[in-house]
Structure formats: C-alpha cells, structure tokens
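Reading through the structure tokens given below for one structure.
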Amino acid sequence: MNRRVVWTRSGSPADVLTVIEEPEPEAPVYGQVLIRATAFPVHPGDLLGLDAFPATAAEPVPIGVEGTGLVEAIGPDTRVAPGVEVGGRVTVFPLPGGWSQWILADAEMVVPVPDELSDEVAAQMLTNPLTAVMLRREAEQHPALGYDGYLVQAAAGSSVGRLVTGVMQYHNVGLVNVVRSDRGAAELRKRFPDVPVVATENPGWADEVRKAADGRPLSVAFDPVGGKLTESLLDLLAPGGRLVIYGELAEEPISVHASTLLHQALTVRGATLGRWLLEASAERRASDAVAATLIALEFQDQFDVAATYDLGELATAVKHAVQPGKVGTVLIRP
C-alpha cells in the first residue's frame, strides 16, 4: 500500500491534513519515473490557502510540491537527465501531491542528487535554491545592481533569504539584510559576518539600512512579506528602484500612494515559481535546476533542518513548519 497526505475540507492544516492508504502506483509509462520517497519538506507555502479552499472537496486532494527518494523504475524509452538511473537518488520539483511514500513523477522534473549531499539537503535542493536563482535574475534587470547599487532583503533569516545572501555575496553584490528581531540579526551575523543586518524591531531601522549602504543607492529590494513592510522598503529605494515581491506572509494589504511610485519612477514586480514554471522553456528549467544543485553544493551549511517527523506525527510537523522564529525546514520521512 501507499500512504499519502491529503485534505478533504478547508481549515487549519494540522486539523484537516490526513494520511490515507491507497494502492501503490502502477509501473511507470513513457515519460514517467517511479520513486520511493525518503523525505519531503514542509514548506510554509504548501500550507497557504488550505483554510481558503471550498469547505469540502469531492475527492481527497493531495498536497506537496517537492520530495527526494530512490528511483525504482523508469518508463520505457523515457528520456531522463544524466545521472538519473534505477537505484539512484533524485529530487523532484514541481511534484503536485508529493507527500507520498511512492511518487510517480514527470521525467522532465526529476533531478539527480550529487553523492556529496545528504538526504536532508536533497529534500530541499530545488524549491528554495530555484527561488534564489529566480530572484537573482530579477535583480539583474536593474542596471545599477552589482556596480554602485545595493540590494536590501527582507526576511533575510529565512531559508530562502540565507541562500540569497550566499549567492549575492558569491557574485560580489552589495547587500543589506533585514530581519525582525535583534536575536535574528545576531544569528545571521554569525553566518555572514561581512553582510550588514538590521532588525525592524528597533525604531529608526530604515536609517540603519541607509547607513549600512554607506551612501550607495538602494536599487533593488526583495520582499516575501508584503503589507506595511513593503511600504517601508519602497521608501528606502533610490529613484528608478525595483521591488520584487515573492511572498504574501502579511495578512494586511499593501497601501501605497501613487506618488510614491510616480515621482521616484519605482517598479514593483511579483515573482513566483508558479510563474517560472509557466513562462520558462524546458531548456531554461533544466539550466536553472543545474544552478540550484550547484547552490545546494556550495551552501550546504545553510540548509538547516528544524526537525524531522514521520507521517504519524503529521499534525505536529505542520504546526512546527509555521512556528514563528523557526530556523530551518521541517522534514517528513514517509
């Protein structure tokens, strides 16, 4: 039998997510790879909206987007990436309904896992690094970045934020990190002692960001939060600046007067992996998957694991995944 995580009604994830048993998948056909899962991450984004869906679903709805495991079989005549072979370790994204013991995946989305990476890193190898790749590409649209322009990054202590810091530092891009608390700032300084970090719990934090930029223009801002923080980041940007929103953690809407954008000629752009999947060519997706793997290899020490649970501890795992102040990603081993 196969154990899979599903939901059938809206509500708090810890209350509505359940584990069902179903027949194991059939043998893969052309274009498919059958994988026995060894771990999958609980990304907070996986859980967003569960309380906003219709009250009930006609059929159980699977959940999850990423997972890692061992290849059990490859469909006849299926073309796979180099290194994907029966018995080999792989990671998959996107993987709709991926919280499952057995995964029947689209071969194009299956990426080999380097021997140097642990299962804990492999389980996180694509979603967050691909987000970092996407954000770097967005930042490169501003001509000043990498020359005299600086990047300011909100929620910099998150799993994505730490990878972005590593990538930008690797490419010699000036960066000021922003976190919520002094405690979070101290923790981030230990990881990246050469990158300034400011805590928004302190009055005047915006002036601290400007001071940290040492007179250079703040050209680009990354914001996964939204709400009031977005307004503050827009105020920090130099004329012609670009703000990239890639999350919606805040419940309140963004309230910005038109003059803020008009007189400063600011650009606000949304970026998600969902749009990346729709807009990127197969060649671009394959290239970005290679870049994501290189990020995982280079910054293995930034792939923290907050805790590991089994499927019987599902409710505890999803509660932990959205716990404020959590450091690292929650994993489930099926």
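The values are calculated or read from the model by the stated rules, or taken from the named source; none is laboratory data. What you see is a predicted model, and the numbers here were worked out from it, not measured in a lab. Cβ atoms come from the backbone with ideal geometry, glycine included; neighbour counts cover every protein chain shown. For accessibility, only protein heavy atoms count, side chains too; no ligands or nucleic acids. Shrake-Rupley method; radii C 1.70, N 1.55, O 1.52, S 1.80 Å.
For region 216-235, a residue qualifies if it is open to solvent by 10 Å² or more (accessible area, probe 1.4 Å) and either assigned to a helix (DSSP H, G or I) or among the basic types (Lys, Arg) (or both), and the qualifying residues are 216, 228, 229, 231, 232, 235.
Tell me, please, whether a residue that is in contact (Cβ under 8 Å) with a residue 60 or more places away in the chain, outside any loop (DSSP other than H, G, I, E, B) and open to solvent by 50 Å² or more (accessible area, probe 1.4 Å) can be found in region 47-56. No, that holds for no residue.
Residues that are in contact with a helix residue (DSSP H, G or I) (Cβ under 6 Å, 6 or more places away or on another chain) number at least 1 in the following strands (runs of 3 or more DSSP E) confined to region 241-314: 242-245, 305-310.
Can you pull out the residues in region 136-167 that are in contact with a Lys or Arg (Cβ under 8 Å, 6 or more places away or on another chain), of a type outside the set (Gly, Ala, Ser) and surrounded by fewer than 24 Cβ atoms within 10 Å (Cβ to Cβ)? Residues satisfying the conditions are 138, 141, 142, 148, 167. Restricting attention to region 186-215, and to residues there that are buried (at least 16 other Cβ atoms within 10 Å of the Cβ) and free of Cβ contacts under 8 Å to residues at least 24 places away in the same chain, which single residue is nearest to residue 170 (Cα to Cα)? Per the criteria, the residue is 196.
Looking across region 291-319 at every residue that is without any contact (Cβ under 8 Å) to a residue 60 or more places away in the chain and buried (at least 16 other Cβ atoms within 10 Å of the Cβ), the one that is farthest from residue 17 (Cα to Cα) is identified as 306.
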